[in-house]
Amino acid sequence: MASVARRLAVVTAIASALVLLGSGSAQAHPLGNFTINLYAGLTVSAHGIDVDYVLDMAEIPTFEERRSIDRNHDGSIEPAEASAYTAQACDRLSNGLAITVGGAAVPLSPRTAGALAFPPGAGGLSTMRLECPLAVDVSLHRGDRVTFRDTNFPGRIGWHEVTAAGDRLELVDSDAPTASVSARLTSYPADLLQSPLDQREASFTIGAPTGTSAPVSTPDAAPVTRGFGDRLTTAFAGLVTRGGSTPSLWLLALATAFAIGGVHALGPGHGKTLMAAYLVGSDARPRQVVAVGAAVSIMHTASVVVLGLTVLVAGQAFTPEVAYRWTTIASGALVALLGAYLLRSRVRGISHARAHDHGHEHEHTHERPAGRFGLATLAVSGGILPSPSALIALLAAIAIGRVVFGLALVLAFGVGLATVLVAVGFGTIRARRSLTQRFSRRISTWAPVVSAAGVFLLGVVLVARTA
């Protein structure tokens, strides 16, 4: 049995390394799989304003949008479908742009036909790029004040960029740059990915004529540096299309998904921290820790399936990043509630112990048993937040008709995640015993209180950062 376990561990490690190292062909969107990114490049001349409008959708919104483009529902985008969608979409997007000259609104209209493309994304899914050349035909004079505002896709997260450049015309007091830092959403700067641009408005005053033409935007071919989380997403989603064709490849893919879930649990997040902080001050038994791990795995898998089904059923009427945001807030609120519960219980436990101490020193304070409320809250808060990587993999599996395989991968991912949390729990139990035996009574008494306060602050920070 031990030999079999060792072999499985070796296979899992090798599979994970192969997938992570060989995941360069299809990259996850650098800004996140939920994002809708917009660019408006204004070129201003004496005879009007040209607007180079670009829409860049990541994998999940593209998955939703393709269903509306594919009108005959045959799974492919035909030229006629692409052409009809492009014309309608560019017209709709132009209605979401507002330009005023001297305080008076001026209409935008398509200058030429737009262009639609589907660059490859993670897990066999595509992203979407739509370019709409728009224009305003209006005579501009020196001193005219021009304002621009983009109201498309309100509330959707993503990169929003506006540039304004004069074509043989000076722009005075402009609050927009003249060149795109993302090369028209083709090369997002790595140092800005954590805090993407969010500019939807611009204003400037028409100045004197010049002899300088507007700069020409050229795509930047420099690659974008992906974070480790993006590589995990690409590796995990890639299993959907590369694995499972034979029983041995099924096992290899499941083992790899298990390993990736474990690696995901080791990354930044509150799951393992919450598990350790909770167990420091409770007398939870190993079987209870295993039960929490199993609940986390089931909860995580269910949250991914529910969110995926909602994307399929609700379509464009549903914004998954909004649901993800509120799920994150709910998770943080549960963590804060658990922290407050633990803090109150542990402080009361210390007061109770002191009341019965009668001045005698004990080896350690009596720890409060791990109640069902605390364990249940721990399980829900650790599993309620679905992994975007798992959601991408499930949608990719649905897109290519491998639903059962996709569900199996998501479940294996959740089991790997929960296994790491259980390991953290066992390690915490051992550390708790060592803390009680080796350190002074004061330290062993107040360490659970400090950890409970940490759980509460963790939940508050998570809610505040997301809200």
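Hey, rough spin-label estimate for ALA291 and THR178, points 7 angstrom out along Cα→Cβ, what's it come to in nanometres?
6.9
In nm, give the distance between the simple-model label positions of HIS47 and LEU457, each being 7 Å from the Cα along the Cα-to-Cβ direction.
The modelled label-to-label distance comes out at 6.4 nm.
Could you calculate the FRET efficiency of ALA104 with LEU266 from 1/(1 + (r/R0)^6), where r is the beta carbon distance between them and R0 is 60 Å, rounded to 0.05?
Efficiency computed from Cβ-Cβ geometry: 0.55.
To the nearest 0.05, how large is the calculated FRET efficiency for GLU78 and LEU309 if R₀ is 22 Å and r is the Cβ-Cβ distance?
0.20
Can you tally the net charge around PRO209? Count Lys and Arg as +1, Asp and Glu as -1, for every other residue whose Cβ sits under 9 Å from the Cβ of PRO209.
+1
What FRET efficiency, computed as 1/(1 + (r/R0)^6) with R0 = 35 Å and r the Cβ-Cβ distance, is obtained for ILE298 and ALA117, rounded to the nearest 0.05?
0.30
Please compute the modelled spin-label separation between ASP191 and SER68, points set 7 Å along Cα→Cβ, answer in nm with one decimal.
Each label point lies 7 Å from its Cα, and together they span 3.8 nm.
I'd like to compare 334-342, 301-309, 112-120: which one has the highest average count of other Cβ atoms within 10 Å, and what's the full order after that?
Most protected by this proxy first, the peptides run 334-342, 301-309, 112-120.
Over the range 36-209, what relative contact order in percent results from Cα pairs under 8 Å that are six or more residues apart?
29
For ALA208 and ARG142, compute 0.36 nm times the residue count separating them, minus their Cα-Cα distance, and round to one decimal in nm.
Full extension of this stretch gives 23.1 nm more.
Taken together, the values in this text are just the output of simple stated rules run on the coordinates, not laboratory data. Here the structure is a predicted model, which means the values were calculated and not measured. Glycine gets a Cβ as well: all are built from the backbone with ideal geometry, and neighbour counts include every protein chain shown.
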